1. Among (1) modelled with pLDDT of 95 or more; (2) more than 13 Å from ligand 2 (Cβ to nearest atom); (3) among the β-branched types (V, I, T), which single condition is I111 missing?
2. Does S122 satisfy the condition of being out of contact with any Pro (no Cβ under 6 Å at 6 or more places or on another chain), within 14 Å of ligand 2 (Cβ to nearest atom), among the small types (G, A, S) and more than 16 Å from P9 (Cα to Cα)?
3. In the range 21-102, which helices (runs of 4 or more DSSP H) lie fully inside it and hold 1 or more residues that are of a type outside the set (G, A, S), within 16 Å of ligand 3 (Cβ to nearest atom) and surrounded by 14 or more Cβ atoms within 10 Å (Cβ to Cβ)?
4. Given the options L45, L57, L100, name the one that is on the phi < 0 side of the Ramachandran plot and under 17 Å from the mean Cα position of the chain (by Cα).
5. Those residues that are farther than 25 Å from Q169 by Cα, of a type in the set (D, E, K, R) and in contact with a strand residue (DSSP E or B) (Cβ under 9 Å, 6 or more places away or on another chain), I need them from the range 1-52; list them, please.
6. State all residues of the range 175-184 that are under 28 Å from R101 (Cβ atoms) and under 18 Å from the mean Cα position of the chain (by Cα); if no residue qualifies, say none.
7. Restrict the check to the range 56-72 and report whether at least one residue is closer than 23 Å to K170 by Cα, within 13 Å of ligand 2 (Cβ to nearest atom) and at pLDDT 95 or above.
Amino acid sequence: MKIVMLGAPGAGKGTQAKMIAAAYEIPHISTGDIFRANIKNGTELGKKAKTYMDQGLLVPDELTLALIMDRFTEPDCEKGYVLDGFPRTIAQAEALTEALRETGDSLDCAIDVEVPDEDIVSRMSGRRACLACGGTYHIVFNPTKKEGICDACGGALSIRPDDMPETVQKRLQVYHEQTQPLIDYYKREGILKSVDGTQEVGKVFASIQAILA
Ligand code: ADP
Ligand code: ADP
Ligand code: ZN
């Protein structure tokens, strides 16, 4: 199964993608997580990506595509995958369609998690992330058992530097300009499904399971 998650920053793509990955035993591939791991490890790619990410801008397609095409060569991708945060531009979506077509393959569906901009800022300001395992929590909507400590791995939680309100506004603007057009792209491809992302986490997941059933 090959799935793409669409939606604004903070819509809950990562939260749902992790649940899909666990339920369907496919890898969860988040380009944002891969960039953050590179930043943490001080790689050249991480240094380049950070200058864009800190400003709420997209990392250039060239860098992003090289990274994801390399990830697809890993053996776990044979089972399929759930892509979270990729593609984010029409050029990325076209490159993905083309890469799959070359092997006679295609995506099964693109799931758009719909959340209005008004709800996004409160989601982002309460988001807490575990850099060690990629776990994502919310101080109000999805708190950890112990404050500041990841339930999954015991790592320390932190606030992402790009979750500051000014940067969130910029990311929302970038989303509307560059990523939202993907909704029409996948509608034309005939594989778009939408879910109401304002419901609680478990209900959003139930809607997704109904789509994938
Ligand atoms: P969110 O989950 O809040 O949408 P992500 O973790 O997916 O955030 O992405 C964080 C940042 O990483 C983005 O703002 C962007 O700078 C960069 N990034 C992630 N994926 C891509 C991509 N496919 N293309 C370009 N930039 C990306
Ligand atoms: P994205 O990957 O789209 O940027 P996340 O999955 O990281 O989004 O979620 C953003 C924030 O909102 C996190 O703090 C997360 O715990 C919280 N969140 C996710 N889904 C929901 C939901 N359905 N209701 C309320 N909060 C949610
Ligand atoms: Zn963790």
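The values are calculated or read from the model by the stated rules, or taken from the named source; none is laboratory data. Bear in mind the structure is a predicted one, so any value in this text is a computation, not a measurement. FYI the Cβ positions are ideal-geometry reconstructions off the backbone, even for glycines, and counts take in every protein chain you see.
1. (2)
2. In short, no.
3. Here the list reads 31-40.
4. On the way: L45 fails: under 17 Å from the mean Cα position of the chain (by Cα); L100 fails: under 17 Å from the mean Cα position of the chain (by Cα).
One residue alone meets the criteria, L57.
5. Selection gives K2, K18.
6. Y175, E177, Q178, T179, Q180, P181, L182, I183
7. Let us first name the residues in the range 56-72 that are closer than 23 Å to K170 by Cα, namely 56-65.
With within 13 Å of ligand 2 (Cβ to nearest atom) added as a condition, the list becomes 56.
Filter once more, keeping what is at pLDDT 95 or above: 56.
There is at least one residue in the range 56-72 that is closer than 23 Å to K170 by Cα, within 13 Å of ligand 2 (Cβ to nearest atom) and at pLDDT 95 or above.
Residue by residue, here is whether (1) among the aliphatic types (A, V, I, L, M); (2) under 20 Å from Q199 (Cβ atoms); (3) within 12 Å of ligand 1 (Cβ to nearest atom) holds:
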site	(1), (2), (3)
L63	yes, no, yes
A66	yes, no, yes
F86	no, no, yes
E94	no, no, no
T97	no, no, no
A129	yes, no, yes
I149	yes, no, no
R160	no, no, yes
